[in-house]
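Just passing along the structure, written as structure tokens.
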Amino acid sequence: MRTATRVVPAPGSLAAGTSAIPEGSEIELDFRLEAVMEGVLVTGTAEARYEGECARCLDPVSRSFEGSYQELFRYPEEDAYGRTEDVPDEEDGEEDYYLEGDLLDLEQVVRDATVLALPLSPLCRDDCPGLCVECGVKLAEAGADHGHGERVDPRWEALRKLGGLSGDA
Ligand SMILES: [Zn+2]
Ligand SMILES: [Zn+2]
């Protein structure tokens, strides 16, 4: 069994929802390699920083996060002529990974581990109050007593319509 840590640059297009890992930023991989019957089992974590937009107030959000993964890299299966082929496993819909010689390509694993762990709707803080639905001001800055007065009593609203003052005639 071998363990290792490696820092790799983020490949492009690691994104989910409104958050993304900027291309070229550092991803720290911790992984453990374990030889098993069918191939090599890779278990570990990927730590990276994402950038996004708060889903409530649209402020920029940048935070580190961690995704974990466990993937089996299979020995290539040889057919009767000694050829190897990447055959997608149709039973569980998941792609199988294969060893290429002694090498394993971790990029796809990193991609899966990080994209699945990215928050689809990141928040600048857990209790972000968002924006005022009436005027769009940031409620965190406007304060708890921000408001636009009482709503018009629906009975007055009805009277105004009767009087032809609704304006939509
Ligand atoms: Zn926010
Ligand atoms: Zn307002």
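Just give me the residues in segment 123-144 being of a type in the set (Asp, Glu) and under 18 Å from Gly17 (Cβ atoms), in sequence order.
The answer is Asp126, and nothing else.
For the condition over 19 Å from Gly130 (Cβ atoms) and surrounded by 16 or more Cβ atoms within 10 Å (Cβ to Cβ), what is the one hit in Ala35, Ala48, Ala55?
Ala48
Something else: Among the residues of segment 2-32, which ones are part of a loop (DSSP other than H, G, I, E, B), at negative phi, open to solvent by 40 Å² or more (accessible area, probe 1.4 Å) and free of Cβ contacts under 8 Å to residues at least 60 places away in the same chain?
Listed by number, the residues that qualify are Pro22, Glu23.
Would you pick out the residues in segment 135-145 that are open to solvent by 50 Å² or more (accessible area, probe 1.4 Å), part of a loop (DSSP other than H, G, I, E, B) and modelled with pLDDT of 90 or more?
Across segment 135-145, the qualifying residues are Cys135, Val137.
The values are calculated or read from the model by the stated rules, or taken from the named source; none is laboratory data. Everything quoted here is computed from the prediction, not taken from an experiment. When we count neighbours, we look across all protein chains shown, and the Cβ atoms used for this are built from the backbone with ideal geometry, even at glycine. Accessible surface is based on the protein model in full, side chains and every heavy atom, while ligands, DNA and RNA are left aside. Shrake-Rupley method; radii C 1.70, N 1.55, O 1.52, S 1.80 Å.
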